[in-house]
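A quick write-up on the structure given underneath.
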Amino acid sequence: MNVDYELLQRGCDRAREIRLMQERIRDATPERKAWHKRWAQSEAGRRSDRERHRRYRATEKGRLTARAKSRRHWLKVKDDPEWRAHRLEVQTMWKHRKRAERLNGEHTLYLMGGCIKVNMGRAA
């Protein structure tokens with residue numbers, strides 16, 4: 001039995017193209033888009049996205065791509081005064097939040113006459 005493997009491979013490739021085209025058409029329907037959106041917003045979807053991102057960033061190509069994108073973004077916005085003002089505002093907010101987290105909780109103050117415990121948490 002003579003099998004033309006090239007013809008067989010072309011048939012397999014064509015079948016794969018047809019299947020992918022059908023999936024793309026199906027994924028473009030409003031119901032499927034809504035399903036994908038619900039999945040992406042679910043806890044499992046967010047966990048899956050984080051894991052996929054972590055694995056991609058672990059590869060050399062992922063690191064280089066991420067670095068190039070970051071560099072392009074910085075070159076685009078570095079001279080924009082509006083962006084700088086926003087960045088300063090965000091950094092200030094994070095600094096205050098970190099300071100509040102560091103001060104939150106119970107602390108011991110050592111004074112010359114002894115020590116006292118102070119709770120810096122929220123007032124009940």
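Please treat every number below as a calculation from the coordinates, not as lab data. Predicted model, so just to flag it, every value in this text is computed and none were measured. Ideal geometry is used to build each Cβ from the backbone, glycine not excepted, and the neighbour counts take in all protein chains shown.
Could you check GLU82 against (1) in contact (Cβ under 8 Å) with a residue 12 or more places away in the chain; (2) loosely packed, with under 10 Cβ neighbours inside 10 Å and say which number it fails?
Of (1) in contact (Cβ under 8 Å) with a residue 12 or more places away in the chain; (2) loosely packed, with under 10 Cβ neighbours inside 10 Å, only one is false for GLU82: (1).
Answer yes or no as to whether ARG16 is closer than 30 Å to THR65 by Cα, surrounded by 10 or more Cβ atoms within 10 Å (Cβ to Cβ) and not β-branched (Val, Ile, Thr).
So ARG16 fits the description; yes.
Check ALA28, ALA40 and return the single one that is surrounded by 10 or more Cβ atoms within 10 Å (Cβ to Cβ) and hydrophobic (A, V, I, L, M, F, W, C).
Details: ALA28 fails: surrounded by 10 or more Cβ atoms within 10 Å (Cβ to Cβ).
Exactly one of ALA28, ALA40 is surrounded by 10 or more Cβ atoms within 10 Å (Cβ to Cβ) and hydrophobic (A, V, I, L, M, F, W, C), namely ALA40.
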